[in-house]
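Undergrad: There's a structure below that I have some questions on.
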Number of protein chains: 2
Amino acid sequence: MTSIRPRPATITDIARQAGVSTATVSYVLNDAPAGARIPEATRARVRAVADELGYVPHASARSLRTGSSSMVLHVHLDVVQGQLASEFLYGLTHALRELGYTLMQYGAERNRGVKAARGWAGMRPAAVIAGYDRLTPAGIDLLGKSGIRVVAVGADPAEVKGTGLSTLRMDNRTVGEEAARHLVGRGYRDLAAVIPAEPPLRGMGEERLRGLREAAAAEGATVRTQDMDWSPESAGSVVRAWLAEGLPEGVFGYNDEFSGLLLGALHDAGVRVPEQVGLVGADDIMLCHMLRPKLTTVRLEAQDPGEVARRIVEVVTERAEVHLSPWRPVLVRRGT
Amino acid sequence: MTSIRPRPATITDIARQAGVSTATVSYVLNDAPAGARIPEATRARVRAVADELGYVPHASARSLRTGSSSMVLHVHLDVVQGQLASEFLYGLTHALRELGYTLMQYGAERNRGVKAARGWAGMRPAAVIAGYDRLTPAGIDLLGKSGIRVVAVGADPAEVKGTGLSTLRMDNRTVGEEAARHLVGRGYRDLAAVIPAEPPLRGMGEERLRGLREAAAAEGATVRTQDMDWSPESAGSVVRAWLAEGLPEGVFGYNDEFSGLLLGALHDAGVRVPEQVGLVGADDIMLCHMLRPKLTTVRLEAQDPGEVARRIVEVVTERAEVHLSPWRPVLVRRGT
DNA sequence: AGCCATTGGTTATTCGTTTAAGCTAAGTTA
DNA sequence: TAACTTAGCTTAAACGAATAACCAATGGCT
């Protein structure tokens, strides 16, 4: 026995069963001004039938007709991670919902540039929010042509270009600068930094490193760097290299998680933190409170929580072009 | 100066510019069998115009017409976290894409039950995959009425009911059992466990605890429990309570992150792990490799990677009803 | 009685796409 | 030469919802 696929109820079904026209149903269900002249008795009947049939408006049909979409697409790496990203998403989801938009996420996208952009554009979202490493000028152009606003997150406006593009800059340089100020302030002159080897994080790492370098140079400190993978083994070999060439005085571990791996490897090598080597991470995730000694870190703090969401909403609703860098680095001094 | 909103190109635009009908354009662009009689010259012209105009098909219009959606909705907690979830999502995204489906994620949803279900149903996805704590019988019913398949993740089929519901059981009881076996095997008889206080995690915690309790009781061990918040302070007060009432021999920390917090608090209290207290976490995330001693943990391992994705695809495409529990607990013995 | 206003709706069109069912002109066959 | 094929399209009708424009019936006013 094959069961027939249940068909979702439509306004036509409601209209038939309530003995009115589809127009009436639409007016009632939307509390449309044009339907104000429909008496309460009819309205109640229509609503009752809609309820009984479990009616749910067809979002695609509606947006096709009205020509406007209530969806905002967020494109991310395989999976969203980290506290900053989590807070960002949470705030954004709710701010957008309040304005009648729905934030949908689309992840694990291997395609890039135009090919990916075509996929996004097909859903005709009101806007696309994407990490800047997902975007190419051609892709931005294609979205722009379709009237879809694009917000590049983490981008320096000078780097990513395209018509109608907005940027939300996560200024990673300042993170590195803050870390350098802290380490140099402790009297360290021989600094080392680690930079993630894999592509999606590498760009961020380079930015943080640039800030670190500049601020260190200004104070007369030197910085050596090494690539590192997201694995305990890689952390081990970084530490072995340091032991071979002489321990640095201060280390910037790119972020808290890489720093956690380094801290473990340093411990295994018998290096004492912070007595022999000072360590500073970045992002201030809960991990800092699990490690011993507790991890000192630099956190990007929203200058005004909600600001980001509000500005994105501006981009979406008012078609404004917005470029802002709403985060500020803050050092959280702990045990390392 | 107000710029006019760019209108995405439609097949009508292409038809006009290429001097053919919209039907022809559609046939060409879809490589439809019915369009096989269209000569290459025309096809090339149509395609050229489509390219030039940056045409991207309107997914909503298409799915409205064909009556079938290529979207699968994944509803999750605020943000997806953890390795298991990440692997699951990644595999699923790609398996579905291969079959022409697009996995979209929808998070940070406060609404539950019917209200949430209405929102999901409005997008007319082919299926909804949701944590079982997001679902209520009424919500499942509403989705079923609309012909949308529902997959409850993490649910025991006996617990969650509804027409046409499939379940993907993440059997958290077995995680607790495996932890108990390990701790008892070490000779501990006085066990303690921690359970997250907040709602979304609480359910999982209770399941894990149930398994722990049963397996411990079978071996003649006792289990005391305490609520814990996701904060270092809460971990501290849990440890203080233990000190007051006598240290347990073995602790199950619910998951790796809670265990990490506990490990830090134990360290601060001068309790040595594993000499005085044995500790086992769950999920086997990278954190285990950062802590010292390294964290012993129980991991749910996919019995067959890809199995989950394949079965979900069955649900989506063949309207099968599937109930499986594709994960198996594995103990990873490390330092604690 | 004739006109107007109001009530309570309905009709018809549109959004972008797909697709079954035509239709015309040229070529082929009986 | 008439009938039949075939190539190469086109026409038209959906899908579900929104909405401008219309309309019939009733009541009130002059």
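The values are calculated or read from the model by the stated rules, or taken from the named source; none is laboratory data. In this text, all values refer to a predicted model and were calculated from it rather than measured experimentally. Please note: Cβ atoms are built from the backbone with ideal geometry, for glycine as well, and neighbour counts cover all protein chains shown. The area values use the complete protein model at the heavy-atom level, side chains included, leaving out ligands, DNA and RNA. Shrake-Rupley method; radii C 1.70, N 1.55, O 1.52, S 1.80 Å.
Undergrad: Considering the stretch A:15-30 alone, what residues qualify as being near DNA strand D (Cβ under 9 Å from one of its atoms) and in contact (Cβ under 8 Å) with a residue 12 or more places away in the chain?
TA: If the condition is that a residue be near DNA strand D (Cβ under 9 Å from one of its atoms) and in contact (Cβ under 8 Å) with a residue 12 or more places away in the chain, then A:Thr24, A:Val25, A:Ser26, A:Leu29 are the ones that fit.
Undergrad: Hey, among A:Arg272, A:Arg292, A:Arg319, which residue is within 14 Å of chain B (Cβ to nearest Cβ), in contact with a His (Cβ under 7 Å, 6 or more places away or on another chain) and open to solvent by 30 Å² or more (accessible area, probe 1.4 Å)?
TA: Details: A:Arg272 fails: in contact with a His (Cβ under 7 Å, 6 or more places away or on another chain); A:Arg319 fails: in contact with a His (Cβ under 7 Å, 6 or more places away or on another chain).
After applying the criteria, what remains is A:Arg292.
Undergrad: Now for a separate question. Output the qualifying pairs, or none if there are none: Cβ atoms under 9 angstrom, residues six or more apart or on different chains, first residue in the stretch B:48-61 and more than 9 Å from chain A (Cβ to nearest Cβ), second residue assigned to a helix (DSSP H, G or I) and open to solvent by 20 Å² or more (accessible area, probe 1.4 Å).
TA: These pairs meet every condition: B:Val49/B:Asp13; B:Val49/B:Gln17; B:Ala50/B:Ile11; B:Ala50/B:Leu29; B:Glu52/B:Gln17; B:Tyr55/B:Ile11; B:Tyr55/B:Asp13; B:Tyr55/B:Leu29.
Undergrad: For the stretch A:61-87, which positions are under 17 Å from the mean Cα position of the chain (by Cα) and at pLDDT 75 or above? If you could, list the steps in order and put the result at the bottom.
TA: We begin by selecting, within the stretch A:61-87, every residue under 17 Å from the mean Cα position of the chain (by Cα); these are A:71-87.
Result: A:Met71, A:Val72, A:Leu73, A:His74, A:Val75, A:His76.
Undergrad: Please find, among B:Ala36, B:Ala15, the residue that is within 11 Å of DNA strand C (Cβ to nearest atom), away from chain A (no Cβ under 14 Å) and either under 27 Å from A:Ala126 (Cα atoms) or open to solvent by 70 Å² or more (accessible area, probe 1.4 Å) (or both).
TA: On the way: B:Ala36 fails: within 11 Å of DNA strand C (Cβ to nearest atom).
Every option except B:Ala15 fails the conditions.
Undergrad: Return yes when A:Ala121 is at the interface with chain B (Cβ under 9 Å from one of its Cβ atoms) and surrounded by 24 or more Cβ atoms within 10 Å (Cβ to Cβ) and no when it is not. Give the steps one after another, and end with the answer.
TA: Details: at the interface with chain B (Cβ under 9 Å from one of its Cβ atoms): yes; surrounded by 24 or more Cβ atoms within 10 Å (Cβ to Cβ): yes.
Yes: the conditions hold for A:Ala121.
Undergrad: Which is farther than 15 Å from A:Tyr55 by Cβ, surrounded by fewer than 24 Cβ atoms within 10 Å (Cβ to Cβ) and within 14 Å of another protein chain (Cβ to nearest Cβ), of B:Gly144, B:Gly131, B:Gly107? Don't jump to the end; show me each part of the working.
TA: Numbers: B:Gly144 fails: farther than 15 Å from A:Tyr55 by Cβ; B:Gly131 fails: within 14 Å of another protein chain (Cβ to nearest Cβ).
Step by step, each of B:Gly144, B:Gly131, B:Gly107 is checked, and only B:Gly107 is farther than 15 Å from A:Tyr55 by Cβ, surrounded by fewer than 24 Cβ atoms within 10 Å (Cβ to Cβ) and within 14 Å of another protein chain (Cβ to nearest Cβ).
Undergrad: Assuming B:Glu178 fulfils every condition listed in (1) of a type in the set (Asp, Glu); (2) more than 14 Å from chain A (Cβ to nearest Cβ); (3) surrounded by fewer than 20 Cβ atoms within 10 Å (Cβ to Cβ) apart from one, which condition is it?
TA: (3)
Undergrad: I'd like to check which helices (runs of 4 or more DSSP H) are fully inside the stretch B:84-202 and have at least 1 residues that are in contact (Cβ under 8 Å) with a residue 24 or more places away in the chain and on the phi > 0 side of the Ramachandran plot.
TA: Values: elements: B:113-122, B:137-145, B:172-185.
Passing ranges, in order: B:113-122.
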